[in-house]
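Structure first, commentary second.
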Amino acid sequence: MIKILIVTHGPLAQALKESSAMFFGSMSNDVETIGLYPTDNPEDLKEAICEKVEAIDTGDGVLVLVDIFAGSPFNMTALAIDELKEAHKLQCYTGVNMPFLMEALSSCNSMDLDQLTTHLADIGRDTIVNLRKALDI
């Protein structure tokens, strides 16, 4: 089974996981999170990501979702992926939001990591909708 790891600034990752439980119940228990706080050392974050991937990867791969492109969680994830890429199947997307996480959770059991990555790329843009245009109001 593909595992999902969310890495963000502050408590956002944990909040996304907890919110996903409202829709996916215990399946959200398969989501792991790491938050970077102001007093944390970013280099320690890289090590935490590496350790978490080593602990959760069952061989099907890990999808890492981060909040901001080029932010510290992104940069440390990039370094971790570079370090682990020979031993683990890893993919990463930035701009994590609730609809994107929900799509990843609903699809991760029916696709391999490459298929999931392609699928998420196809729907990513659809996770942000202008309410007024969508409802014509």
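Tabulated data for the structure shown
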read-out: Straight-distance crosslink candidates among lysines, where the alpha carbon sits under 21 Å from Lys89 and sequence neighbours closer than 8 are dropped; value: Lys3, Lys46, Lys52
read-out: Computed helical MRE - 222 nm, the chain, DSSP H runs ≥ 4 contributing -39500 (n - 2.57), nearest 500; value: -15000 deg cm²/dmol
read-out: Nitroxide proxy distance, nm - points 7 Å out along Cα→Cβ at Asn41 and Ser19; value: 3.3
read-out: P(r) weight above 18 Å for the chain, C-alpha pairs, percent; value: 54
read-out: Met98/Asp60 FRET efficiency (R0 30 Å; Cβ-Cβ; nearest 0.05); value: 0.80
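Values in this text are rule-based calculations from the coordinates and carry no lab data. What you see is a predicted model; the values in this text were computed from it and never measured. Using ideal geometry, Cβ is built from the backbone for each residue, glycine included, and neighbour counts are taken over all protein chains shown.
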